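Notes to accompany the following structure.
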């Protein structure tokens, strides 16, 4: 497992320079703020060791099969477009300090997640909560129409 701070300043796949850790440092999937050097913009980069993708119940018995399934899923998600969904811009795998990691890149939202908003002691008004709830329902409906179940709906996501 790599230390989260050790990645700051490193460039992933020759394109994404890691600026800072955004997620909990103990999380299996780490989310970083990065600079997309090709398009000169901030992005979010999610990194996870490929071994964490192994799922024996799903038939993903080794890192190679898990990574192939991950890339296939990213390709399918890449084609989904909806105003209330965060879109996948890029994905792939890379070796960091001798460990293979899968990654995906999405647009950077500087305001953070609903969890971060709530953790700052802020609260949603009833009308704001209604708008958030409706947007979540619209996103989930679109995903379900395209054959996907999110499986991890929570304020951090």
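The values are calculated or read from the model by the stated rules, or taken from the named source; none is laboratory data. Small disclaimer: the values here were computed from a predicted structure and weren't measured. FYI the Cβ positions are ideal-geometry reconstructions off the backbone, even for glycines, and counts take in every protein chain you see.
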_Hey, residue 106 within 22 Å of residue 15 (Cβ to Cβ) and surrounded by 11 or more Cβ atoms within 10 Å (Cβ to Cβ) or not_ = yes
*Out of region 133-152, which residues are without any contact (Cβ under 8 Å) to a residue 60 or more places away in the chain, out of contact with any helix residue (DSSP H, G or I) (no Cβ under 7 Å at 6 or more places or on another chain) and under 17 Å from residue 83 (Cα atoms)?*
133, 134, 135, 136, 137, 138, 139, 140, 141, 144, 145
*Could we say that residue 30 is under 26 Å from residue 141 (Cα atoms), under 15 Å from the mean Cα position of the chain (by Cα) and without any contact (Cβ under 8 Å) to a residue 60 or more places away in the chain here?*
no
*Could you tell me whether any residue of region 127-150 is within 14 Å of the chain's Cα centre (by Cα), farther than 28 Å from residue 35 by Cβ, assigned to a loop (DSSP other than H, G, I, E, B) and not assigned by TED's automatic domain parsing to the domain that holds residue 34?*
yes
_Condition broken by residue 100, with the remaining ones in (1) in contact with a helix residue (DSSP H, G or I) (Cβ under 6 Å, 6 or more places away or on another chain); (2) surrounded by fewer than 11 Cβ atoms within 10 Å (Cβ to Cβ) satisfied_ = (2)
*Among (1) touching a strand residue (DSSP E or B) at 6+ places or on another chain (Cβ under 8 Å); (2) surrounded by 16 or more Cβ atoms within 10 Å (Cβ to Cβ); (3) over 26 Å from residue 51 (Cα atoms), where does residue 114 come up short?*
(1)
*Have a look at 95, 105 and point out the one that is outside any loop (DSSP other than H, G, I, E, B) and in contact (Cβ under 8 Å) with a residue 40 or more places away in the chain.*
105
